[in-house]
Each structure stands twice: as C-alpha cells, then as structure tokens.
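Chemist: One structure, pasted below without further comment.
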Amino acid sequence: MSWSAERQARACLAAASGGGMRALADLVAEHGPVEVWQTLRETSRTSLAERARSVDAEEVERATSRLGLRFVVPGDDDWHTGLDALSTPDPGRLDPGLGGIPLGLWLRGPLSLDGALAVGLVGSRASSTYGERVASDLGADLAAGGSGGEGSCVVVSGGAYGIDAAAHRGALSVGSTMAVMAGGLDEYYPKGNERLLATVAERGLLVSEVAPGGRPTKAGFLARNRIIAALCAGVVVVEAAHRSGALNTAAWASRLRRQVMAVPGPVTSTLSLGTNRLLQSGEAALVSNAGDVRELLLPLDATREAAERPVQGSLLDELPEMLVQVRECLYPRRPTSMDEIAEATGLRPPECLAALGELEERGLVAAHPAGWVLAQPRRPT
C-alpha cells in the first residue's frame with residue numbers, strides 16, 4: 001500500500017534534512033509537509049534544496065518496507081503524544097537550530113512507541129564499573145516493576161557504549177527497552193553494539209528520525225537527545241562527566257518539564273562531576289534505586305489529582321484566576337523556577353512572587369531551594 005502524499009513528503013523532508021531542523025519543523029507546522037516539500041524542490045536554491053532534489057521518494061518508501069520498518073507521523077495511533085511538546089520549547093543556547101516535532105519516526109521492533117510509562121537512563125560512553133552496574137540494576141528493576149510487576153517501565157536510552165548499553169542490557173534481562181538512534185536503522189551504530197541493538201529490535205523498539213541510509217552526525221546525536229527526553233516521563237542521569245552529552249538530554253528534559261533525576265557518584269571521580277553538579281544545583285532529584293525513581297514518577301498523576309481535588313469550602317474554586325494560573329505551572333516534586341513560571345504565565349516576576357506568596361499562605365505551594373513545588377491543600381480543621 002502506497003503512502004499518502006503527506007506521509008511521503010514528511011519522509012522525504014526527513015531524508016533530505018537528517019531530522020532535527022527546528023526551522024523546517026516550524027515550516028511544516030505552518031504550511032504542511034506537501035507544500036514545503038514541493039516549494040523546497042522547485043524554487044529554493046539552498047543546500048537543503050539541493051539535497052531534497054536528490055531524494056527519490058519511491059526509494060525511501062521501498063527501503064522502509066524492505067528493511068521491515070514502520071514510519072509513523074503525528075496523528076498515527078502509534079505516535080507518542082509526548083513528542084508534541086517539542087513544538088513549544090525554544091532551546092535557545094541549548095542547541096541552536098535544533099528542535100521541533102520530528103517530521104516522522106522510523107521504528108523497528110514489536111514494542112509500541114506510545115505504550116507503558118517510559119523512563120530515560122542516560123550517561124557517559126566512557127563509564128566506570130560502578131556506573132555500568134548502577135545502570136544495569138536500574139534498567140532491570142525499572143523494567144521488572146515492583147512486587148507483582150506493578151509499576152514496570154519501558155527503559156529508554158541511546159544505544160551507545162557505556163551507560164546506555166548497560167541500561168539496555170539490564171532492561172532486556174527482564175523486560176523490554178527502547179533505543180533512540182542518531183542514524184538510519186539500516187545500519188546499527190556503534191558497530192560494537194550491533195548484537196545488542198539487534199536484540200532490542202527483536203524484543204523492544206529501535207527509533208530514529210533519520211531515514212534509512214542516513215549516517216550519525218554530531219548534530220544528529222544532539223537532536224536525538226530531545227526525542228529521548230520527550231518520550232519519557234523522567235530522565236535519570238546515571239554517570240556523566242563535566243561535558244557529557246547526557247547532560248544535554250537532562251537539559252532537554254528540564255525544558256520539556258520532565259522529571260530530571262541523577263545518581264550520585266564518588267566525589268573523587270571525574271566521571272561523576274556532571275551528575276553531582278546536577279544534584280548540587282538542584283536541577284535533578286537524587287535517586288539511588290528503582291524505588292526512588294518510581295516514587296518520583298508513578299505518584300505524580302495521583303498526587304496532582306489529590307492536590308487538585310475539591311476540599312471543604314471549595315478552596316481551589318475560590319482562587320483568583322492569576323493564582324490558579326501560577327499554581328498550574330507547578331509540580332508536586334519537580335521544582336519550578338521563577339523564570340519558568342514567568343515564561344509559562346506571561347506574568348512579571350514581581351507578580352509571580354506575590355502570587356506564590358499568597359498561595360504559600362494558603363498551603364497550596366511550598367518553597368524549594370531550586371524554585372517552587374505543588375503542595376496538597378490544607379483541609380479546614
């Protein structure tokens with residue numbers, strides 16, 4: 001069965017761009033993929049247009065079928081709605097030029113993209129025995145869930161050496177896992193993980209926004225990080241040096257308002273400088289085992305529901321609109337900074353501070369060293 005014009009245009013744009021181009025994603029959102037694809041090929045004189053004119057649309061579709069891949073786009077049943085959050089954050093200095101909702105994703109494996117609760121486990125490629133042991137144990141325990149399998153999670157990582165590979169192996173020992181790749185799914189990268197990634201494809205899911213034939217690039221790895229963050233309810237940085245790429249994934253998770261967590265490491269280890277810094281700055285919550293991760297992630301919906309459940313006197317119903325607006329920006333455990341609140345509400349910082357003060361007096365929010373968190377309303381005595 002042939003692809004629709006829209007699906008084909010999305011695949012071809014991804015093949016020409018390599019994915020992750022914020023400006024292209026914005027154009028598609030505004031004008032639609034078919035118009036952008038036609039305009040790019042017919043009138044543009046950019047390097048992207050030259051690459052677009054060399055793309056064979058029918059060959060992209062044939063390669064997808066020949067390799068046994070699925071190509072999903074926004075609106076498909078298997079599309080993960082968490083990816084839609086990528087339309088909002090402007091990464092700014094985080095990754096200039098990168099971002100946006102993926103034009104589409106190539107998938108290989110039996111696992112659904114939009115399935116169980118997903119947790120990202122990321123870290124350095126150059127990892128220690130300590131880091132790999134922690135990542136493997138976390139991967140296995142999160143995939144297995146608690147007693148009776150309750151709270152099992154899909155472990156998501158990037159398929160790389162070190163912490164990524166350990167997390168995937170741990171998860172595969174008891175359940176399934178998802179690897180988000182920086183290159184096309186016709187050739188697994190890195191080569192040393194080929195057998196591991198083949199197992200992920202058999203029992204879990206390989207994901208890429210890069211068309212078959214596309215090779216990994218530095219920009220592709222950074223663009224891949226945003227997808228890991230968007231697919232997950234939270235991201236755990238297991239071991240990361242000062243300039244580890246895993247910190248980029250944590251930064252994307254924070255921008256997307258996902259729960260950021262980190263495993264502390266020895267203060268004498270340079271491989272833990274990044275994780276320890278995240279904890280020291282309050283950017284991440286400290287976790288040491290799967291129970292800590294589940295406690296932060298699984299109760300979030302229930303905690304928010306309890307916190308917003310009407311209480312005697314209809315306390316929340318009586319709040320002025322500005323207070324409701326500010327309160328809706330907060331989470332039960334993840335602290336939200338003043339800058340984030342101001343950006344989300346459009347209010348000036350002094351207005352936010354006044355609103356937060358009143359909410360705190362009512363017992364609806366609580367101050368945190370890294371910002372503000374949601375509190376359960378006090379019930380009248």
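Chemist: Could you tell me which residue of the stretch 128-139 is modelled with the lowest pLDDT, considering only residues that are open to solvent by 20 Å² or more (accessible area, probe 1.4 Å) and of a type in the set (Gly, Ala, Ser)?
Modeler: Ranking the qualifying residues of the stretch 128-139, first place goes to SER128.
Chemist: Give me a count of the residues in the stretch 6-23 that are open to solvent by less than 10 Å² (accessible area, probe 1.4 Å) and out of contact with any strand residue (DSSP E or B) (no Cβ under 8 Å at 6 or more places or on another chain).
Modeler: 5
Chemist: Still on this structure, please answer the following. Applying the selection to the stretch 264-286, what residues are over 24 Å from LEU374 (Cα atoms) and surrounded by 14 or more Cβ atoms within 10 Å (Cβ to Cβ)?
Modeler: Once the filter is applied, which keeps residues that are over 24 Å from LEU374 (Cα atoms) and surrounded by 14 or more Cβ atoms within 10 Å (Cβ to Cβ), the stretch 264-286 yields PRO264, GLY265, SER269, LEU271, SER272, LEU273, GLY274, THR275, ASN276, ARG277.
Chemist: Give the residues of the stretch 74-91 that are within 18 Å of VAL36 (Cβ to Cβ) and modelled with pLDDT of 90 or more, sorted by residue number.
Modeler: Within the stretch 74-91, PRO74, GLY75, LEU86 qualify.
Chemist: Here are some conditions: (1) surrounded by 24 or more Cβ atoms within 10 Å (Cβ to Cβ); (2) within 25 Å of THR268 (Cα to Cα). LEU142 meets all but one. Which one does it not meet?
Modeler: Only one criterion is unmet by LEU142, namely (2).
Chemist: Something else: Among the residues of the stretch 27-42, what is the count of those that are closer than 19 Å to ILE227 by Cβ and surrounded by 15 or more Cβ atoms within 10 Å (Cβ to Cβ)?
Modeler: Number satisfying all stated conditions: 2.
Chemist: Scan (1) at pLDDT below 90; (2) not in a loop (DSSP other than H, G, I, E, B) for the single condition PHE71 breaks and write down its number.
Modeler: (1)
Chemist: Go over the candidates ARG51, ARG66, ARG45, ARG70 one by one and state the one that is surrounded by fewer than 18 Cβ atoms within 10 Å (Cβ to Cβ), of a type outside the set (A, V, I, L, M, F, W, C) and in contact with a Leu (Cβ under 6 Å, 6 or more places away or on another chain).
Modeler: Only one candidate passes the filter, namely ARG70.
Chemist: Residue by residue through the stretch 265-286, note down the ones that are within 24 Å of LEU117 (Cβ to Cβ) and either at pLDDT 90 or above or hydroxyl-bearing (Ser, Thr, Tyr) (or both).
Modeler: THR275, LEU278, LEU279, ALA284, ALA285, LEU286
Chemist: Taking the conditions exactly as written (surrounded by 24 or more Cβ atoms within 10 Å (Cβ to Cβ) and closer than 14 Å to VAL237 by Cα), does GLY99 satisfy them or not?
Modeler: No, not satisfied.
Chemist: Here is a follow-up. Starting from the stretch 156-176, take each residue that is free of Cβ contacts under 8 Å to residues at least 12 places away in the same chain and more than 14 Å from ARG203 (Cβ to Cβ) and list its partners that are of a type in the set (Gly, Ala, Ser) and surrounded by 22 or more Cβ atoms within 10 Å (Cβ to Cβ), counting only C-beta distances under 8 angstrom and pairs at least six apart or across chains.
Modeler: Cβ pairs passing all conditions: none.
Chemist: Looking at the stretch 257-266, is at least one residue without any contact (Cβ under 8 Å) to a residue 60 or more places away in the chain and farther than 21 Å from TYR331 by Cβ?
Modeler: Checked against the condition, which is being without any contact (Cβ under 8 Å) to a residue 60 or more places away in the chain and farther than 21 Å from TYR331 by Cβ, the stretch 257-266 yields at least one hit.
Chemist: Next up: For the stretch 287-350, which fully contained helices (runs of 4 or more DSSP H) count at least 3 residues that are at pLDDT below 85 and open to solvent by less than 50 Å² (accessible area, probe 1.4 Å)?
Modeler: 299-308
Chemist: Same structure, new question: For the stretch 92-125, enumerate the residues that are more than 15 Å from the chain's Cα centre (by Cα), of a type outside the set (D, E, K, R), part of a loop (DSSP other than H, G, I, E, B) and modelled with pLDDT of 90 or more.
Modeler: Answer for the stretch 92-125, where residues must be more than 15 Å from the chain's Cα centre (by Cα), of a type outside the set (D, E, K, R), part of a loop (DSSP other than H, G, I, E, B) and modelled with pLDDT of 90 or more: LEU103, GLY104, GLY109, PRO110, LEU111, SER112, SER124.
Chemist: With LEU27, LEU107 as the choices, which residue is in contact (Cβ under 8 Å) with a residue 60 or more places away in the chain and aliphatic (A, V, I, L, M)?
Modeler: LEU107
Chemist: Right, another one. Would you tally the residues in the stretch 78-91 being open to solvent by 70 Å² or more (accessible area, probe 1.4 Å) and touching an Asp or Glu at 6+ places or on another chain (Cβ under 8 Å)?
Modeler: Total satisfying the criteria: 1.
Here is a yes/no grid of residues against (1) touching a residue at least 60 places away in the same chain (Cβ under 8 Å); (2) open to solvent by less than 10 Å² (accessible area, probe 1.4 Å):
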position	(1), (2)
GLU194	no, no
ALA198	no, no
GLU202	yes, no
VAL210	yes, no
GLY213	yes, no
ILE228	yes, yes
VAL235	yes, yes
ALA240	yes, yes
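The values are calculated or read from the model by the stated rules, or taken from the named source; none is laboratory data. All figures in this text were calculated on a predicted structure; none of them were measured in a lab. As a convention, Cβ positions derive from the backbone with ideal geometry for all residues, glycine included, and neighbour counts pool all protein chains shown. Note: areas computed on protein heavy atoms with side chains; ligands, DNA, RNA excluded. Shrake-Rupley method; radii C 1.70, N 1.55, O 1.52, S 1.80 Å.
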